[in-house]
Amino acid sequence: MTTTRRSLLAFTLAALLPLPALALEETDLSPEQPGRIRAEKVEAAIALLPAGYNWVNPGKLTVASVPGRLPFAVYATDTRTAIGGEPDLAQIVADSLGLELEIVPVAWADWPLGLESGKYDAVIHNVTVTEARKEKFDFSTYRNDLLGFYVAGSSPVTEITERKQIAGLKGAVSSGTNQEEILLRWIEENKAEGLAPTEVSYFDDDVVQDLALESGRIDFYLGPNATSAFKAAKDGRTRLVGVLSGAIR
């Protein structure tokens, strides 16, 4: 671990329950999170840390979290405490290293500069590993990076598993993301083959995006499968029609 490249020990987590089962349980949105899983110190992990490493805040693991969607992270009912799977993971890492956890909620656009400038020790969020990002940051992967194509429950679209199947459709994707890069490249490749164009829309509000799906204004949404699967299991208004690896270039 160096002062210019921030990293954490690699932790791999296996799902204890399928997403639908998790989603259907009552979600605790309290800032106290009494059911949060804790861990004991792991001396073998602590021994791997560089001697004299300067934590952003001595004695603490300072982690940036990007609240937005479950199961990753959202704000608790106090509208300022980050809760969810990623803050839970941050707590386990901090406990394992014998450190107190300090979570810093940030906007998606702010995490790279904050990490580079040393505002926090690590970011635990849905950050896809790319060649460009690897030039600046060290990565430890804690889940399989799957992207999912989701459509309205009543949509006639039954499958999107390859590039040509988006031709002629209208889709939505988040700006500045890896999935946007993949989708736009697919559109250009389809165009080069003379296939029908794909119209892309961007929504800042999930409710507006859901309404667009249900009304047929867009045909599909492409995003992290974990968040979309959690939401689909909760409300049943959308369904999965295909997945692809976020590592696809």
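Key figures
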| quantity | calculated |
| --- | --- |
| Filter result for GLU180 (within 13 Å of LYS164 (Cβ to Cβ) and acidic (Asp, Glu)) | no |
| Verdict on VAL151 being surrounded by 15 or more Cβ atoms within 10 Å (Cβ to Cβ), over 18 Å from PHE72 (Cβ atoms) and not assigned by TED's automatic domain parsing to the domain that holds VAL127 | yes |
| Qualifying residue in region 169-176 (condition: assigned by TED's automatic domain parsing to the domain that holds GLY236, among the polar types (S, T, N, Q), in a loop (DSSP other than H, G, I, E, B) and within 19 Å of the chain's Cα centre (by Cα)) | yes |
| Matching residues in region 24-60 - criterion: being in contact (Cβ under 8 Å) with a residue 60 or more places away in the chain and over 13 Å from LEU97 (Cα atoms) | LEU24, VAL56 |
| ALA196 being in a loop (DSSP other than H, G, I, E, B) and either surrounded by fewer than 18 Cβ atoms within 10 Å (Cβ to Cβ) or out of contact with any strand residue (DSSP E or B) (no Cβ under 7 Å at 6 or more places or on another chain) (or both) | yes |
| Condition met for TYR75 (touching a Pro at 6+ places or on another chain (Cβ under 7 Å), farther than 20 Å from THR141 by Cα and of a type in the set (Ser, Thr, Tyr)) | yes |
| Qualifying residues in region 61-83 (those that are part of a strand (DSSP E or B) and either among the basic types (Lys, Arg) or closer than 21 Å to ASP206 by Cβ (or both)) - the one modelled with the lowest pLDDT | ARG69 |
| Residue within region 137-146 that is modelled with pLDDT of 95 or more, in contact with a strand residue (DSSP E or B) (Cβ under 7 Å, 6 or more places away or on another chain) and either within 28 Å of LEU89 (Cα to Cα) or among the hydroxyl-bearing types (Ser, Thr, Tyr) (or both) present | no |
| Residue in region 163-179 that is farthest from GLN91 (Cα to Cα), counting only those that are surrounded by fewer than 16 Cβ atoms within 10 Å (Cβ to Cβ) and without any contact (Cβ under 8 Å) to a residue 40 or more places away in the chain | GLY168 |
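The values are calculated or read from the model by the stated rules, or taken from the named source; none is laboratory data. These figures come from a predicted structure and were not determined experimentally. Note: ideal-geometry Cβ built from the backbone for every residue, glycine included; neighbour counts use all protein chains shown.
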